[in-house]
Amino acid sequence: MRTIFCLILLTTTVAAQTPCKPAIEHRKLDRTALQNLQVAKVNSYKEPWRLEAKEIATRECAGLKLPAAVPVRGDDRTQVFSCGAANGAHTELTLNKPEWLLPYAGTYRLMMWVVTDVKTVCAK
C-alpha cells in the first residue's frame, strides 16, 4: 500500500513540474464530413447541441480532461472559450460557423459551431 501511495505522489509531483509549452493547433476541417453532419444530424435536430457554442466547447474541454469551458469573447460568427488546467495554464478554444455550411443549413441560425483552433496558453 505504501508503494502505491509513493507512486501516486511521485506521479502527481512530476505532472505538476511538467513545463507548459505554448502551442496553437489549427484544426483541418473535413468539409464533406461536416456538410454531411450538418444535414444528417443538425438539420434533423438529432444533435441540436451542435447549435450551441458553449456545449461544443464544454464537450471539447471534457475530451481534453480539463474543467468546463468559460466564455472569453465572441460574436455571432466566432466564439472563444477557455478551459483551465491544474498548473495555471489554460486552453483557448476558437469556434466558428463556417460560411460554406450555410447552403446545407438553410439559415445562419441553424449552422453548427465547429472548433477551428486549440491554443495552449502557459501561466506567467
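FYI, it's all coordinate maths here, none of it is from the lab. Keep in mind the model is a prediction, meaning the values are calculated, not measured. FYI the Cβ positions are ideal-geometry reconstructions off the backbone, even for glycines, and counts take in every protein chain you see.
A compact table of results
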{"quantity": "Linear extension gain, A62 paired with T116, 0.36 nm per residue minus alpha-carbon span", "calculated": "17.8 nm"}
{"quantity": "Selection of chymotrypsin sites (Phe, Trp or Tyr not before Pro), the range 19-124, meeting DSSP coil and at most 12 other Cβ within 10 Å", "calculated": "Y45"}
{"quantity": "Over 24 Å (Cα to Cα) - which of K97/K119; K41/K65; K28/K97; K21/K97; K21/K65 fall in this group", "calculated": "K41/K65; K21/K97"}
{"quantity": "Potential extension, E55-R31 segment - 0.36 nm per residue separation minus Cα distance", "calculated": "6.5 nm"}
{"quantity": "Sparse-neighbour loop sites [GluC sites (Glu not before Pro); the range 44-80; at most 15 other C-beta within 10 Å; DSSP]", "calculated": "E52"}
{"quantity": "Extreme residue, positive dipole direction of the range 19-94, given options V80, L64, T32 (C-beta unit charges)", "calculated": "T32"}
